[in-house]
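Colleague: Starting off with a structure, shown below.
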Amino acid sequence: MKVLLKEDVEKLGYAGEVHAVADGYGRNFLIPRGLAVKATDQAMNQAKSWSNRAAARRAQLKAQYEDLSQRITGTTITFVAKAGETGKLYGSVTMNDVVEKLNAKLGTTLDRRLVEGDPLRQLGTHHITVRLSGDYQPQLTVVIQSEAEVAAAAEAAAAAVAYVEPPALEEIIEVPAE
């Protein structure tokens, strides 16, 4: 079956293009969802306008993806979790947790399905790929720290702030000039 795409379809083609697809795919998926129409002479006359509209939409999405890719690449998200002596977490940091924290940090509404990877179960630094589109796949840095390490660092910082260097003896006693 030959169909004329009304909208861009990932892994198939762009709006305004004619493609030969399986009959079932065209009848049961593309046409009912309004993504395509049968390739007839009347539809071919409208193809240019659909193509122009889709090109404008693609240019707008490209600009948005470039901006978002740069923001995601420079982002580091930190999680604090309970871990054993070997560095293995007692639970895991799921991709849903990562997306929630990323959305809160960047003020976006990314879908969990855009983030690739299995749940994180080890302490350390992890690089997670966010699949915005075929061309834009920035990497996000996720750092997982142990609760014990964070508590020890906070204690050391509090102790360093609490200790004040006493003034030098010369500053306390003023020696009169003769």
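Colleague: Within segment 42-86, can you find the residues that are among the polar types (S, T, N, Q) and within 27 Å of Asn103 (Cβ to Cβ)? Break it down into steps so the answer makes sense when it comes.
Modeller: Initially, segment 42-86 is screened for residues among the polar types (S, T, N, Q), giving 42, 45-46, 49, 51-52, 60, 64, 69-70, 73, 75-76, 78, 86.
Gln60, Gln64, Ser69, Gln70, Thr73, Thr75, Thr76, Thr78, listed by residue number.
Colleague: For Thr108, which of the numbered conditions (1) free of Cβ contacts under 8 Å to residues at least 60 places away in the same chain; (2) not in a loop (DSSP other than H, G, I, E, B) fails to hold?
Modeller: (2)
Colleague: How many of the residues in segment 107-150 are under 13 Å from Leu68 (Cβ atoms) and in contact with a Lys or Arg (Cβ under 6 Å, 6 or more places away or on another chain)?
Modeller: So the count comes out to 2.
Colleague: Would you please name the residue that is nearest to the chain's Cα centre (by Cα), looking only at residues in segment 78-99 that are part of a helix (DSSP H, G or I) and closer than 20 Å to Val150 by Cβ?
Modeller: In the first step, residues of segment 78-99 are kept if they are part of a helix (DSSP H, G or I); the result is 95-99.
Those still in the list that are closer than 20 Å to Val150 by Cβ too: 97-98.
On the way: Asp97: 12, Val98: 8 Å.
If we take residues in segment 78-99 being part of a helix (DSSP H, G or I) and closer than 20 Å to Val150 by Cβ, then Val98 is nearest to the chain's Cα centre (by Cα).
Colleague: Kindly indicate whether Gly16 is outside any helix (DSSP H, G or I), out of contact with any strand residue (DSSP E or B) (no Cβ under 6 Å at 6 or more places or on another chain), surrounded by fewer than 11 Cβ atoms within 10 Å (Cβ to Cβ) and in contact (Cβ under 8 Å) with a residue 24 or more places away in the chain.
Modeller: Considered against the rule, which asks whether it is outside any helix (DSSP H, G or I), out of contact with any strand residue (DSSP E or B) (no Cβ under 6 Å at 6 or more places or on another chain), surrounded by fewer than 11 Cβ atoms within 10 Å (Cβ to Cβ) and in contact (Cβ under 8 Å) with a residue 24 or more places away in the chain, Gly16 comes out as no.
Colleague: Can you go through Leu61, Leu89, Leu68 and tell me which one is of a type outside the set (Asp, Glu) and under 30 Å from Ala152 (Cα atoms)? Break it down into steps so the answer makes sense when it comes.
Modeller: Working: Leu61 fails: under 30 Å from Ala152 (Cα atoms); Leu68 fails: under 30 Å from Ala152 (Cα atoms).
Answer to the selection: Leu89.
Colleague: Could you check Ser69 against (1) modelled with pLDDT under 90; (2) closer than 15 Å to Val115 by Cα; (3) assigned by TED's automatic domain parsing to the domain that holds Ser146 and say which number it fails?
Modeller: (3) is the only condition that Ser69 fails.
Colleague: Answer with yes or no whether Ala54 is closer than 25 Å to Tyr14 by Cα, surrounded by 15 or more Cβ atoms within 10 Å (Cβ to Cβ), touching an Asp or Glu at 6+ places or on another chain (Cβ under 7 Å) and small (Gly, Ala, Ser).
Modeller: yes
Colleague: Where residues in segment 119-136 are free of Cβ contacts under 8 Å to residues at least 40 places away in the same chain and part of a loop (DSSP other than H, G, I, E, B), which of them is farthest from the chain's Cα centre (by Cα)?
Modeller: The residue in question is Pro119.
Colleague: Then there is this: Picking from Arg58, Arg112, Arg121, Arg131, which residue would you name as being under 25 Å from Glu7 (Cβ atoms), in contact with a strand residue (DSSP E or B) (Cβ under 8 Å, 6 or more places away or on another chain) and not aliphatic (A, V, I, L, M)?
Modeller: Arg131
Colleague: Something else about it: In a helix (DSSP H, G or I), closer than 30 Å to Glu149 by Cα and under 31 Å from the mean Cα position of the chain (by Cα), is that true of Arg71?
Modeller: Against the criterion (in a helix (DSSP H, G or I), closer than 30 Å to Glu149 by Cα and under 31 Å from the mean Cα position of the chain (by Cα)), Arg71 qualifies.
Colleague: I need the full set of residues from segment 14-43 which are under 15 Å from Arg53 (Cβ atoms) and within 32 Å of the chain's Cα centre (by Cα), in order please.
Modeller: Those that are under 15 Å from Arg53 (Cβ atoms) and within 32 Å of the chain's Cα centre (by Cα): Tyr14, Ala15, Gly16, Glu17, Gly34, Leu35, Ala36.
Colleague: Same structure, new question: Can you give me the number of residues within segment 63-74 that are in contact (Cβ under 8 Å) with a residue 12 or more places away in the chain and out of contact with any strand residue (DSSP E or B) (no Cβ under 6 Å at 6 or more places or on another chain)?
Modeller: Looking only at segment 63-74, we keep the residues that are in contact (Cβ under 8 Å) with a residue 12 or more places away in the chain, and these are 65-66, 68-73.
Now restrict to residues that are out of contact with any strand residue (DSSP E or B) (no Cβ under 6 Å at 6 or more places or on another chain): 65-66, 68-71, 73.
Here the count works out to 7.
The values are calculated or read from the model by the stated rules, or taken from the named source; none is laboratory data. These numbers come from a predicted model, not from an experiment. Virtual Cβ from ideal backbone geometry, glycine too; neighbours counted across all protein chains shown.
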